[in-house]
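In what follows, a structure is listed as structure tokens, so that the remarks can point back to it.
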Amino acid sequence: MTSIIPARTAATRTRPAPGPSDAGPACTVTAPLAPRARLLPSLAAVYRAQLSRARVARIPLLFVATFQSVGIMILMRGVVDGGAEARAVVAGSSVLVVAFVALNLLAQYFGQLRASGGLDHYATLPVPPAAVVLGAAAAYASFTVPGTVFTAVTGSVLFQLPMTHLWVLVAVIPLSGAALAGLGAALGLLAPRPELATLLGQLGMSAALLLGVLPAERLPQPVGWARDLLPSTYGVEALARSFDARPDWGIIAFFLAICAAVGVLSLAVATWAYRRAAVR
């Protein structure tokens, strides 16, 4: 009978049985593993995934955060006439948009992700833990840009403040967003239940509202100490001082440097919390 398999294929598929002389020590062939994912490409991939996933759901919440901050400025307009207090109100209300999204919503997201077992999905991927935390934090902080700019411009018009140096928001938004997002992620990952993560996020946003929008000169001394511990305080101070006729750029840079240091620390704590929650 003529075989339908070509001769070359048949030859490659037919192997003679090994004889006694072919016996030798057994060897194990190890397949090479894929290279480990680098931080920056993984961070970009997580950022794009989170941005596309949360775009539809977070836009209405961003509108609520912006409306809330503008409403607070309108209420404070009847109490504050101008000067340093007006600058504090506008700066605090602008950074409050960042706190609502980066702190409150991110705490809820990671709390729900931990409770639903979503961390197991990220744990199976060859993605560094820092990329997951930084990617999600950057995606949530990106939603704050339009609302923060709109709030700052509206407040400047409402309180008749100069808008010459509003470009400081280019530094204030990412640095405050990093500090608050790291804090929000840590709260969501360390909370034992998602309800507690939501509560902690709400308390953090309330602290940013009370300690950031109200002028520091009108706060009692113990409350002022608590204000110094809030990560968004230094972004508020930097933005408030940019409304001066002649801003002191040295002190503004000092506040931004503190905000950057707090952001690095809070994101490091969030990365540690992610590793701790992922192995449980």
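The values are calculated or read from the model by the stated rules, or taken from the named source; none is laboratory data. Note that the structure is a prediction, hence the values are computed from the model and not measured. Please note: Cβ atoms are built from the backbone with ideal geometry, for glycine as well, and neighbour counts cover all protein chains shown. Note: accessible area is taken over every heavy atom of the protein model, side chains too, but ligands, DNA and RNA are not part of it. Shrake-Rupley method; radii C 1.70, N 1.55, O 1.52, S 1.80 Å.
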Quick one: putting +1 on the C-beta of Lys and Arg, -1 on the C-beta of Asp and Glu, what dipole do you get for region 134-280 around its Cα centre, in Debye to the nearest 20? 420
How would you rank 216-227, 110-121, 136-147, highest first, on the average number of other Cβ atoms within 10 Å across their residues? 136-147, 110-121, 216-227
Find, to one decimal place in angstroms, the Kirkwood hydrodynamic radius of region 65-166, where the mean of 1/r is taken over every pair of different Cα atoms and then inverted. 15.4
Which percent of the accessible area of region 173-280 is formed by carbon and sulfur heavy atoms (probe 1.4 angstrom)? 69
I'd like to check one number: the per residue accessible area of region 56-171, probe 1.4 Å, reported in Å² as a whole number. 40
Across 5 Å bins beginning at 0, the whole-percent shares of Cα-Cα pair distances in region 127-187 come to 4, 17, 23, 20, 14, 10, 7, 4, 2, 1
Could you give the length gained on full extension between Val223 and Gln160, defined as 0.36 nm per residue of separation minus the Cα-Cα distance, in nm? 19.8 nm
On a C-alpha basis, how far is the centre of region 107-149 from the centre of region 242-262 in Å? Whole number, if you could? 29
